[in-house]
Structures are given as C-alpha cells and as structure tokens.
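The values are calculated or read from the model by the stated rules, or taken from the named source; none is laboratory data. As the structure is a prediction and not an experimental result, all values here were calculated from the model. In this analysis, Cβ positions are derived from the backbone assuming ideal geometry, glycine residues included, and neighbour counts consider all displayed protein chains.
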Amino acid sequence: MKIYVDVDSCPVKEEIKHICQQHEIPTYFVSNRKHLFVVKEPLLHYQWVRVEGSDGIKNYLQNHLSEGDIVISHDVKVASQALEKKSVVITFRGRVISHHNIEFLEYKKHIQLQQPIASRDSNHTDMMQQEDRLLFSIKLTELIISLQKEGDL
C-alpha cells in the first residue's frame, strides 16, 4: 500500500506526514504548482513529486497507482481515475469517495461550475477547523488499518 496526495490546496499535509510516518507507509505528495517544501524531519516514508501541466497529477497517478493504494484529493476527476485503478479515495475532510457516490459528486461539481464565479468565491465555509483536521486524521487512520487488515486475510 502507498499513499498519493494531490497536494495542491491540501490543508492537511502535516497530518498526512505524521500518519504516514506512524504507519510506515510510503507517501507521495504530488503537485503541479511551485510549492516551497520545508522539510524539518528526515524523509523516511514520504517524498515530494513535482509534475508539469494541468493534467500532471492525473498523468502521474495513472502511471503509478496500484490496486489498494490510497489517494487523498478533493478533485473529482482525480478520484474517478483512482477508482478506475481500484484505489481507495479519501477527501481532505475524511470522506471516502466510492463508486456509490462519485456520480453525485461529479454532478455537484458540474452544478457548482454553473454558478457565477463571485458566488463560488464568496463561500468561506470550507475553512478547516481543528476538529476537521482531527476528524480527517481519525478517518485516514481507520482507513489504513482497515486496508491493512484486508491485506492480512
């Protein structure tokens, strides 16, 4: 099992780093933006990957994902692609995306894109609170443990 993080706009990078170190899972933070990555600890179980272009993350995942890997993203297109590769997808808020809810999320994204830009940008309810970060950490840890148990069967 590996973890791949769509790091652009990811508010829970520190939580992911902590969990991947704790569970000793190779984790790849994939970005198509020029982030300044400050590394304060040894890179024991994670690394940063810089890709080019608007489809760089999707292309990277297409070439590297395997069945049973975890993808952390809020991008519906990335999630859909990961599901095709039989990977497990979880959002930054700890919601698991599956074949059962992906169509609804694609429809919701389509509706949001129909709204005027001003009304999309004025919604600040997406700010991550400490409780949200804790919930994400719990959900990711539960997911990892569940997948590890499945692998032991």
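Tabulated results
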read-out	value
Residue check, Ile138 of a type in the set (Val, Ile, Thr) and modelled with pLDDT of 75 or more	yes
Segments classed as helices (runs of 4 or more DSSP H), wholly inside the stretch 9-124, with at least 3 members that are modelled with pLDDT of 90 or more and in contact with a Phe, Trp or Tyr (Cβ under 9 Å, 6 or more places away or on another chain)	13-23, 56-64
